[in-house]
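Inspection log for the structure reproduced underneath, given as structure tokens.
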Amino acid sequence: MSYCVNCGVKLDPSLKYCPLCNTPVINPHDLSKMQPVSPFPKEKGQVEVVRRKDLAILLSVSLTAAGLCSLLLNLLVFRQHLWSLYVIGACVLIWVMSIPAVIYTKLPIYLSLLFDGLAVMLYQFLIGFNTTDHSWFFGLSLPITALCTLAAILFAFCLRKISSAFLMKALYFFAEAALLCAGIELLIRRYLLLPLRLTWSAVVCSVCGVIVISLITILSRARLRNAVRRRMHF
């Protein structure tokens, strides 16, 4: 004989509810067999994805507002120097770099990299506009940025037009790394009016040269290439 857990009245074994208070009859031995009820809903919902157009409008308006606010503060309150150019340049740089991801996804990667390089050059020019000597921009910063932009475009061209296999990517990377380091050192030495020769970049070129030769050897031998791919899982 069992008892009601609410009012204590004796219950017949066949009863499912207490006849006095209508409380469900629960057998303590059956509690372990009961499945716990999850506190979370069983149906899985999905939040509506933000449209790319709306995100582009929000990003453009936010960056424009940030640039205009900094410009007004600079002109009306903090007038010591044109510090707002740094903020405006950063806003332009962020907006240009977000074009292929948010604003216009069909933009060719070559144009995207070119616009990124031009945006970086513009930002550097705005920084140089606040300095008394602009020679560092035209003599050093601008050529190095142009060289890096050209290297990025060339790398993208090799991936799109030649081959995008992993070993070929590594070959492009190390070959361009050697050329880029050599070009940067020569540009720095030209700006400093030093003799045009390789010093620290020669070490980088030597290491990259060994890797490039090894990769060319692997790529030229089919059995060696397949063995490397199997062992490296790519």
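The values are calculated or read from the model by the stated rules, or taken from the named source; none is laboratory data. As the structure is a prediction and not an experimental result, all values here were calculated from the model. Note: ideal-geometry Cβ built from the backbone for every residue, glycine included; neighbour counts use all protein chains shown. Keep in mind that these areas ignore ligands, DNA and RNA; they rest on the heavy atoms of the full protein, side chains included. Shrake-Rupley method; radii C 1.70, N 1.55, O 1.52, S 1.80 Å.
Overview of values
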| item | result |
| --- | --- |
| Close pairs (6 angstrom Cβ cut-off, 6 or more residues apart or separate chains): over 13 Å from Y3 (Cβ atoms) in the range 13-25, among the hydroxyl-bearing types (S, T, Y) and surrounded by 12 or more Cβ atoms within 10 Å (Cβ to Cβ) anywhere | P24/Y17 |
| Candidate set: the range 89-108, residues that are in contact with a Phe, Trp or Tyr (Cβ under 9 Å, 6 or more places away or on another chain) and of a type in the set (A, V, I, L, M); chosen: the one modelled with the lowest pLDDT | I103 |
| Any pair with Cβ under 9 angstrom, 6 or more apart, that starts in the range 201-224 at a residue that is in contact (Cβ under 8 Å) with a residue 24 or more places away in the chain and more than 10 Å from A175 (Cα to Cα) and ends at one that is in a helix (DSSP H, G or I) and open to solvent by 70 Å² or more (accessible area, probe 1.4 Å) | I218/L224 |
| Options L71, L82; residue that is modelled with pLDDT under 85, touching a helix residue (DSSP H, G or I) at 6+ places or on another chain (Cβ under 8 Å) and surrounded by fewer than 17 Cβ atoms within 10 Å (Cβ to Cβ) | L82 |
| Helices (runs of 4 or more DSSP H) (entirely within the range 164-234) containing at least 3 residues that are in contact with a Cys (Cβ under 6 Å, 6 or more places away or on another chain), surrounded by 15 or more Cβ atoms within 10 Å (Cβ to Cβ) and at pLDDT 90 or above | 166-191 |
| Some residue of the range 29-44 being assigned to a loop (DSSP other than H, G, I, E, B), modelled with pLDDT of 75 or more and exposed (fewer than 10 other Cβ atoms within 10 Å of the Cβ) | no |
| Restricting the range 117-139 to residues that are polar (S, T, N, Q) and in a helix (DSSP H, G or I), the residue that is modelled with the lowest pLDDT | S135 |
| Test for L154: is it free of Cβ contacts under 8 Å to residues at least 24 places away in the same chain, under 16 Å from S112 (Cβ atoms) and part of a helix (DSSP H, G or I) | yes |
